[in-house]
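A.B. asks: Quick one: the structure is below, and I'll ask about it shortly.
The values are calculated or read from the model by the stated rules, or taken from the named source; none is laboratory data. What you are looking at is a predicted structure, and each value in this text was computed from that prediction instead of being measured. Cβ placement follows ideal geometry from the backbone for every residue including glycine, while neighbour counts extend to all protein chains displayed. The protein model used for the area step is the full one, side chains on, heavy atoms only, and it has no ligands, DNA or RNA in it. Shrake-Rupley method; radii C 1.70, N 1.55, O 1.52, S 1.80 Å.
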Amino acid sequence: MNKILPFLQRHDGTITGDDRIRLFRQKPVTIWLTGLSGAGKSTLAFALERELIALGRPCYVLDGDNIRHGLTSDLGFRLEDRRENVRRVAHVARLMNDAGLIVISALISPMREDRAMAREIIGHEHFVETYLSASIDACAERDPKGLYAKARDGAIPSFTGISAPYEVPLNPDLNIDTARTTVTVSVTHLFAYLLDHCFLFDRPCISQSIP
Ligand SMILES: Nc1ncnc2c1ncn2[C@@H]1O[C@H](COP(=O)(O)OP(=O)(O)OP(=O)(O)O)[C@@H](O)[C@H]1O
Ligand SMILES: [Mg+2]
């Protein structure tokens, strides 16, 4: 633990979470997309972001590949690095949720325990584990970045599904098989989830509880 930590004091502002809920007309949530490389996490994340922004909903995508260029550029792909990657992104998601935004994260996040840690950090009521369940064969056939071919040749060590584990979520909040569901329909499912669970203000269950 950081030695200075015991001497630090939190300094909370006077703006509350409810103030931000009223301001943005939405309850903050993190849609945590998990699945194999090529399952469609980035594709769906940015498609949903586009839809939400078009409707005036403040949101932001935390994409694993993008974040590895900065915040997590010191990390590799060993299991402990992947865990640290998830931990940092979860803390950023939490901060963005605190700021009132909807967050869509797109990380393979292969280990159950690490995803459970993300849920703890972000808060159960703000966390929607969404498993993109395309099979490894479907993902390898897509191979949008040519990574499966390289991994099978041994050029990429610790590649999820080939030489590193992926632990399938046992009880995800949402499961979308992107091998059978188009991007448009997947976005519709995600959007419906947000409405049905009252994260957006367009339903009476929300507008009645907010003055
Ligand atoms: N129904 C679908 N949903 C999502 N992507 C699809 C679908 N059908 C085809 N694709 C294609 O599959 C590919 C998915 O790649 P994408 O980069 O989104 O995967 P990813 O899960 O982010 O992978 P990585 O973990 O390597 O970043 C894209 O080329 C996309 O166009
Ligand atoms: Mg991606």
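A.B. asks: Return a yes/no flag: does the stretch 95-109 have any residue that is touching a residue at least 24 places away in the same chain (Cβ under 8 Å) and open to solvent by 90 Å² or more (accessible area, probe 1.4 Å).
C.D. replies: Among the residues of the stretch 95-109, not one is touching a residue at least 24 places away in the same chain (Cβ under 8 Å) and open to solvent by 90 Å² or more (accessible area, probe 1.4 Å), which makes the answer no.
A.B. asks: Could I ask something else about it? Does the stretch 137-178 hold any residues that are in a loop (DSSP other than H, G, I, E, B), farther than 24 Å from Phe127 by Cα and among the hydrophobic types (A, V, I, L, M, F, W, C), and which are they?
C.D. replies: Ala155, Ile156, Phe159, Ile162
A.B. asks: Out of curiosity, is Ser163 surrounded by 14 or more Cβ atoms within 10 Å (Cβ to Cβ) and of a type outside the set (A, V, I, L, M)?
C.D. replies: No, not satisfied.
A.B. asks: Right, something else. Quick one: which of Leu170, Leu195 is more than 15 Å from ligand 1 (Cβ to nearest atom) and at pLDDT below 95?
C.D. replies: Leu195 is the lone residue from the list that is more than 15 Å from ligand 1 (Cβ to nearest atom) and at pLDDT below 95.
A.B. asks: Which residues, counting only those in the stretch 66-81, are in contact with a Lys or Arg (Cβ under 9 Å, 6 or more places away or on another chain) and either within 12 Å of ligand 1 (Cβ to nearest atom) or charged (D, E, K, R) (or both)?
C.D. replies: Ile67
A.B. asks: So in the stretch 41-65, with the set limited to residues that are away from ligand 1 (no atom under 14 Å from the Cβ) and among the small types (Gly, Ala, Ser), which one is farthest from Ser135 (Cα to Cα)?
C.D. replies: Gly56
A.B. asks: Follow-up. Can you name every residue in the stretch 16-31 that is of a type outside the set (Asp, Glu) and either open to solvent by less than 100 Å² (accessible area, probe 1.4 Å) or within 16 Å of ligand 2 (Cβ to nearest atom) (or both)?
C.D. replies: Those that are of a type outside the set (Asp, Glu) and either open to solvent by less than 100 Å² (accessible area, probe 1.4 Å) or within 16 Å of ligand 2 (Cβ to nearest atom) (or both): Thr16, Gly17, Arg20, Ile21, Arg22, Phe24, Gln26, Lys27, Pro28, Val29, Thr30, Ile31.
A.B. asks: Every residue in the stretch 71-87 that is out of contact with any Leu (no Cβ under 6 Å at 6 or more places or on another chain) and open to solvent by 40 Å² or more (accessible area, probe 1.4 Å), please.
C.D. replies: Leu71, Ser73, Asp74, Phe77, Arg78, Leu79, Glu80, Arg83, Arg87
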